[in-house]
Amino acid sequence: MIIPVRCFTCGKVIADKYEQFKREVRQGDDPAVVLDRLGYNRYCCRRMLLSHIDIIDNFMAFATTEGVEQR
Amino acid sequence: MEITILEKTEHNIKFILEGMDVAFANALRRTMLTRLPAMAIDEVLVIENTSVMYDEMLAHRLGLVPLTTILEDYNLPDKCDCEGKGCSLCQCTLTLEKEAGDEEIMVFSRDLSSQDPKVVPASGDIPLVKLAPHQRIIIEAYARLGRGVENAKFQPVATVAYKYVPLVTVDKSKCTLCGDCVEVCPKKILRLNGNTLATQNTLDCSLCEACVEECEAGAITIDSKPDSFLFKVESTGSLPPEEIVVKSAELLKERVQVALDFANSL
């Protein structure tokens, strides 16, 4: 749904660097280089960022905010 | 026991521990991992949550946010005078109130306002939830001290690992300078330097012995230094890494003393 706060395997906090990772990869940097720069050396943490797909925006398309105001 | 610090940054520490056996090194590692207390959010009161994320998921994310800890300031709930009910000596309240305007916003861990200025999220950039226009969350969270044995969110460390200190020796009389070992070494420990085979950064050696297998002349031997360990401690940000090591050693000493006292009373 949204980037997990910590790495599933080792427990290192990964969520705080996700935005930066995404931005730098979008700018055309090599993901491997970006991960090294951010200090993610283990493959457990690297796969967390590499393989994540954010789908919270898809959920938000179905948000029911109007109903709340009426209640 | 002797400790040589090799590298120290804000969240990491690397050191060599000498003159101790595996049992002690592992006990120290496990103490850091499971016995040293740290603050984490344990109970969450969701007053309002109109976001797309379920309350449970949000509470789980809040629990995983590492909080800066001052060990002296709080009691462990089971050792507190309130008998674990939760008082100002063993609990800290954090509140989160956020409402999106006409545009969607991201709620970050920095939006958590703490009752105690010393207990705050170690990193303010952790995204907690995204709010669509006009969605709102009002949350009250209670943080307390806990140990890693109970839940991994209380661990003050991400990883603690130790390995043997590698000793790489090259027998110059047997070496044919073929350079095969230089190619095969994944950590680039070996290097051909003119007409000698030199070693560099030997502490990086993973003891894989690929070079020993490759070397037909049998000139390379990989050994480990007896009773020495190379420790790598990585903090989540709740406690500084050097404090983790020192406090864990103290805790281990106390626990050994308890065991000894019990054994002597038999």
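The values are calculated or read from the model by the stated rules, or taken from the named source; none is laboratory data. Quick caveat, the model's predicted, so the values are computed rather than measured. Positions of Cβ are generated from backbone atoms using ideal geometry, with glycine treated the same way; all protein chains shown enter the neighbour counts. Note: areas computed on protein heavy atoms with side chains; ligands, DNA, RNA excluded. Shrake-Rupley method; radii C 1.70, N 1.55, O 1.52, S 1.80 Å.
Applying the selection to the stretch B:134-168, what residues are open to solvent by 30 Å² or more (accessible area, probe 1.4 Å), more than 10 Å from chain A (Cβ to nearest Cβ) and of a type in the set (A, V, I, L, M)?
Correct list: B:Ile138, B:Val149, B:Leu167.
Regarding the stretch B:83-94, can at least one residue be identified that is touching a Ser or Thr at 6+ places or on another chain (Cβ under 8 Å) and more than 18 Å from B:Asn151 (Cβ to Cβ)?
yes
Has the stretch A:20-37 got any residue that is open to solvent by 30 Å² or more (accessible area, probe 1.4 Å), touching a residue at least 24 places away in the same chain (Cβ under 8 Å) and assigned to a loop (DSSP other than H, G, I, E, B)?
no
If I filter the stretch A:30-40 for residues that are aromatic (Phe, Trp, Tyr) and farther than 23 Å from B:Leu239 by Cα, do I get at least one hit?
Within the stretch A:30-40, none of the residues are aromatic (Phe, Trp, Tyr) and farther than 23 Å from B:Leu239 by Cα.
For the stretch A:1-33, enumerate the residues that are more than 14 Å from the chain's Cα centre (by Cα) and more than 8 Å from every other protein chain (Cβ to nearest Cβ).
A:Thr9, A:Gln27, A:Gly28, A:Asp29, A:Asp30, A:Ala32, A:Val33
Can you tell me which residue within the stretch A:38-50, out of those that are surrounded by 18 or more Cβ atoms within 10 Å (Cβ to Cβ), more than 18 Å from B:Thr9 (Cα to Cα) and of a type outside the set (D, E, K, R), is farthest from the chain's Cα centre (by Cα)?
A:Cys45
List the number of the failed condition for B:Asp171; all other conditions in (1) open to solvent by 40 Å² or more (accessible area, probe 1.4 Å); (2) in contact (Cβ under 8 Å) with a residue 60 or more places away in the chain; (3) of a type in the set (D, E, K, R) hold.
Among (1) open to solvent by 40 Å² or more (accessible area, probe 1.4 Å); (2) in contact (Cβ under 8 Å) with a residue 60 or more places away in the chain; (3) of a type in the set (D, E, K, R), the lone unmet condition for B:Asp171 is (2).
Spot the failing condition for B:Leu64; the list is (1) more than 11 Å from chain A (Cβ to nearest Cβ); (2) among the hydrophobic types (A, V, I, L, M, F, W, C); (3) under 21 Å from the mean Cα position of the chain (by Cα), and only one is missed.
The one condition B:Leu64 does not meet is (1).
When you scan the stretch B:230-240, do you find a residue that is without any contact (Cβ under 8 Å) to a residue 60 or more places away in the chain and either in the same structural domain as B:Ser123 (by TED's automatic domain parsing) or of a type in the set (A, V, I, L, M) (or both), even just one?
No, the conditions are met nowhere in the stretch B:230-240.
Output the residue which, of all residues in the stretch B:1-51 that are among the β-branched types (Val, Ile, Thr) and in a helix (DSSP H, G or I), is farthest from B:Ala122 (Cα to Cα).
Filtering first and then ranking leaves B:Val22.
When the stretch B:212-258 is examined, which residues are found to be within 28 Å of B:Ala122 (Cα to Cα) and touching a Leu at 6+ places or on another chain (Cβ under 7 Å)?
Within the stretch B:212-258, B:Leu230, B:Phe231, B:Ser238, B:Ile244, B:Lys247, B:Ser248, B:Ala249, B:Leu251, B:Leu252 meet the criteria.
Here are the criteria: (1) assigned to a loop (DSSP other than H, G, I, E, B); (2) in contact (Cβ under 8 Å) with a residue 60 or more places away in the chain; (3) open to solvent by less than 40 Å² (accessible area, probe 1.4 Å). Tell me which single one B:Gly63 does not satisfy.
Unmet for B:Gly63, out of (1) assigned to a loop (DSSP other than H, G, I, E, B); (2) in contact (Cβ under 8 Å) with a residue 60 or more places away in the chain; (3) open to solvent by less than 40 Å² (accessible area, probe 1.4 Å): (1).
Go through the stretch B:221-238 residue by residue and tally those that are of a type in the set (A, V, I, L, M, F, W, C) and either surrounded by fewer than 16 Cβ atoms within 10 Å (Cβ to Cβ) or within 14 Å of another protein chain (Cβ to nearest Cβ) (or both).
Total satisfying the criteria: 1.
Check every one of the strands (runs of 3 or more DSSP E) wholly within the stretch B:77-191 and list those with 1 or more residues that are within 30 Å of B:Leu203 (Cβ to Cβ).
Where strands (runs of 3 or more DSSP E) fall fully within the stretch B:77-191 and carry at least 1 residues being within 30 Å of B:Leu203 (Cβ to Cβ), they are B:157-170.
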